[in-house]
Structures are given as C-alpha cells and as structure tokens.
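Novice: First the structure, which I've put down as structure tokens, then a few questions once you've had a look.
The values are calculated or read from the model by the stated rules, or taken from the named source; none is laboratory data. None of these values were measured; they are calculated from a predicted model. Cβ sites come from the backbone with ideal geometry, for glycine too, and all protein chains shown count toward neighbours.
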Amino acid sequence: MNAIDVIRTAVGNSLRSKLRTTLTVVAIFIGAFTLTITSAIGTGVLSFIDDQVASVGAADVLSITRTAEDAPPAEAGPAPYDPDRAIVAGEFTGDGSGLTTGILTADDLAIILRVDGILDVSAAQQVNPRYVEYGNNNKFELVVNGNSSLTTPELAAGSHLEAGSDQMQILLVTSYVDTLGFSDAEAAVGETVTIGVADYAGEMHEVDAIVAGVQNESILAAGAALNQALSDELYRVQNIGVPANSVEGSILATAHFDAAASGEQIDAIKANLADQGYTAVTVADQIGMIQTVISGIIGILNAFAIIALIAAGFGIINTLLMSVQERTREIGLMKAMGMGSGRIYALFSIEAVFIGLLGSLIGALAAIGAGAVANGLLDGTVLADLEGLPVLRFDPAAVGIIILLVMGIAFLAGTLPARRASRQNPIDALRYE
C-alpha cells in the first residue's frame with residue numbers, strides 16, 4: 001500500500017462512523033471557530049491602532065512636560081501636599097499668585113531648544129472657542145483636538161493644514177459637515193466659518209477661518225484641528241483683558257527632531273531632556289500601553305480557545321481508540337498480509353489529522369463568514385464614527401497557522417491510538433471477537 005492508498009484509506013475510515021466523527025468534528029469546530037474569531041479581533045483592533053499611530057507625527061514629534069521634582073515611585077502613592085513646593089521660588093505675580101511646578105515658561109522652551117537633536121519647540125496653546133457657525137445658520141459648540149499638532153489625519157475631502165501659512169485655517173471633522181449645513185465634505189472645503197471665543201472678561205469675539213479640509217473621525221482626531229495662525233489668533237483674543245502682571249506658560253510643549261533618527265538617537269534625546277528636568281514621550285509611547293492591554297486580553301481569549309481544542313483532542317483520542325477496537329481483526333489481517341507497523345501507525349495518524357483538518361476548515365470558514373456579517377452590522381451602527389475600524393480582520397497567514405495548529409493537536413491526540421494499533425499482534429488480532 002503506497003502513500004496515496006494510505007491517505008485514501010484513512011479518509012474513508014474516518015467517515016465510517018459518521019455520527020461519532022461528526023461529534024468530534026463539532027468539538028474541533030468550536031475551538032477553531034473561537035480561536036479564529038479572537039485572532040481576527042486582535043488583528044483588527046491592533047492594526048487599527050497601528051494605522052492611527054502611523055497617521056500621526058510620532059516619527060519626529062515629542063510631547064514634553066516638566067518632570068515633578070523628587071517625584072516618588074508610582075507604587076508609593078501620591079506625595080503629601082507641601083504648600084512651599086506648590087509655588088516656584090521667585091516666580092510670583094503681582095496679585096500674589098504663583099506658577100505651579102508643571103508650567104513651562106519661555107525659559108524652559110529655550111532650554112529644550114538647546115538640547116542636541118531638537119529642531120524646534122513650541123508651547124501647546126490651550127484655546128477654548130465657544131462655537132462655530134457657517135453663514136447665518138445656527139451656532140454649534142466647537143470641540144478642538146488638543147493633539148492636532150501631532151496628527152496627520154485621514155481626509156474625507158480637501159487638504160491638510162499648511163504649515164507656516166499666515167491664513168487662518170481649520171480642519172473640520174465629518175460630523176460637522178451636515179450640522180453646519182454643507183451638502184457634503186467637498187462642499188465645505190474653501191468655505192469660511194466663524195468661530196466665537198470669549199476674552200478674559202467674558203466678552204464674545206468672532207474670528208473667521210477657512211476650511212482647509214474635512215477629516216474622518218478617529219481615536220486621535222476627535223475634534224477640529226487648527227493651524228498655528230488660527231490658534232495664535234484665538235489665543236490672543238481669549239487673553240484680551242488678562243492682567244499685565246500675569247506670567248504666561250503652558251503645561252505641554254511639542255518638539256520636532258529628525259524624522260530619520262534611530263531609536264537609539266530618540267532615546268538619547270529623551271535622556272538628555274530628562275537630565276534637564278523634562279519628560280518627553282512620542283505618541284507611540286503613549287499608545288503602547290493600550291496595545292499591551294489589548295494583546296493581553298486577546299491572549300486570554302485565545303487561551304480559552306486552546307483549552308477548547310485540547311478538549312476536542314480528547315474527543316479524537318476517544319474516537320480513534322474505539323475505531324482501533326472495532327477494527328482489531330482488520331488490523332490483524334493487514335499485518336498478516338505484510339503491512340508494516342509504520343504504515344498502520346500512519347493510517348491512524350492521518351485519520352486523526354484529517355478529522356482535525358475538517359473541523360478547523362469548517363470552523364475557520366464559519367468564523368470568516370460570521371466576521372464579515374459582524375463587520376457590516378457594526379460599521380453602520382456602533383462603529384459608525386470610527387471609519388476604517390474593522391473589528392474583525394482575518395489575516396490569511398494567521399488563519400493558516402490556526403489550521404496547522406489544530407491539525408498538530410489532532411496528530412498528537414491520534415498518537416496514542418495509532419501506536420496501539422501499530423503494536424497489535426496479528427495472531428491475537430485475528431482471534432479477537
């Protein structure tokens with residue numbers, strides 16, 4: 001009996017007891033289906049996060065804050081309040097108030113700029129516009145994306161903000177298009193919107209801005225983006241009436257470095273800033289924790305799927321052991337006709353692998369079908385505001401690995417019955433009743 005005959009015979013034998021084989025395949029199907037689904041969820045969510053990270057300026061941007069002096073380890077809990085340390089010595093304003101240790105002043109920006117590898121640095125100005133309107137339509141609250149200086153979002157229409165432009169530009173989010181009265185995203189591009197902002201005394205002022213483009217909603221683009229010219233103007237207006245003796249500062253600064261810098265060079269810049277008393281992180285650093293948590297959750301779900309597959313493996317053992325018992329005389333006859341132990345071992349091993357292949361293929365295909373339906377339903381409902389997020393993304397390589405994994409478990413499960421069959425004594429087997 002050649003290899004082809006062995007395979008053909010193994011497949012035929014596995015289908016002899018259809019009910020028993022079907023129940024075993026169902027058990028494998030459940031494990032393979034679960035493992036394929038959880039793997040697809042992990043691939044979809046992590047790829048979406050990777051796409052979001054890739055869409056921001058994390059390759060050459062650092063977010064910088066002042067490091068708290070003598071900060072205790074995180075596990076030690078919050079430090080006791082010290083009123084003497086709440087004010088920076090010598091930095092008092094005329095009204096008796098002071099600057100907290102987290103404020104970055106112009107002197108801090110100058111120190112950061114002198115750090116080797118830093119190309120430029122700017123304070124993150126916090127602007128709080130009250131509303132936005134188009135034409136004579138109603139006014140709507142305007143949410144500004146605080147991370148807009150770090151992002152290069154996916155556009156639905158128009159173009160990105162022009163760096164260094166004197167024209168005041170805004171990048172709207174798709175959710176504002178219908179609300180402001182535009183027929184579609186393309187119709188909003190190039191139009192002038194009016195932004196309302198209150199000064200220090202509460203008096204309302206209006207600033208006009210050109211819509212440079214419309215961006216899709218994402219986890220890093222949850223509000224409108226403003227170019228530097230518009231941000232500067234809104235900041236100037238909202239500070240009208242601020243007492244002259246107030247000291248300006250910011251809790252966050254953004255700095256650019258060479259986009260071609262290696263990981264070691266970026267780490268060196270961070271270390272240099274840390275020596276100066278500043279904490280610097282990239283967007284990838286900030287999102288890395290989210291990726292770790294998601295990977296951990298997916299790992300736990302995969303572990304449950306593996307447990308289901310191991311349980312299915314015991315089903316294969318039971319199926320083949322019963323098959324060996326039922327076919328004892330047949331095994332004895334094959335040995336009596338000259339079939340070696342190796343061929344018999346291969347016969348039952350292939351039978352186990354075939355059952356594993358059958359269950360894993362059905363499970364993977366069912367998971368892909370269910371995933372396609374789930375993505376369609378979620379895309380139009382729960383995830384309508386997060387364009388480009390497929391909750392389940394099926395990677396062909398991952399699906400192939402799952403099928404091979406299941407076949408491997410099936411092969412191991414079939415080892416014991418196959419070994420038992422191959423070691424049958426032909427005389428005793430032929431006498432078996």
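Novice: Answer yes or no as to whether ALA367 is assigned to a helix (DSSP H, G or I) and touching a Ser or Thr at 6+ places or on another chain (Cβ under 6 Å).
Specialist: On the way: assigned to a helix (DSSP H, G or I): yes; touching a Ser or Thr at 6+ places or on another chain (Cβ under 6 Å): yes.
So ALA367 passes the test.
Novice: Spot the failing condition for ILE402; the list is (1) at pLDDT below 80; (2) buried (at least 17 other Cβ atoms within 10 Å of the Cβ); (3) touching a Leu at 6+ places or on another chain (Cβ under 7 Å), and only one is missed.
Specialist: So the condition that ILE402 fails would be (1).
Novice: Going by what's in this entry, would THR254 be described as assigned to a strand (DSSP E or B) and modelled with pLDDT under 85?
Specialist: For THR254, the condition - assigned to a strand (DSSP E or B) and modelled with pLDDT under 85 - is met.
Novice: OK, next. Among (1) modelled with pLDDT under 85; (2) crowded, with 20+ Cβ neighbours inside 10 Å, where does ALA32 come up short?
Specialist: So the condition that ALA32 fails would be (1).
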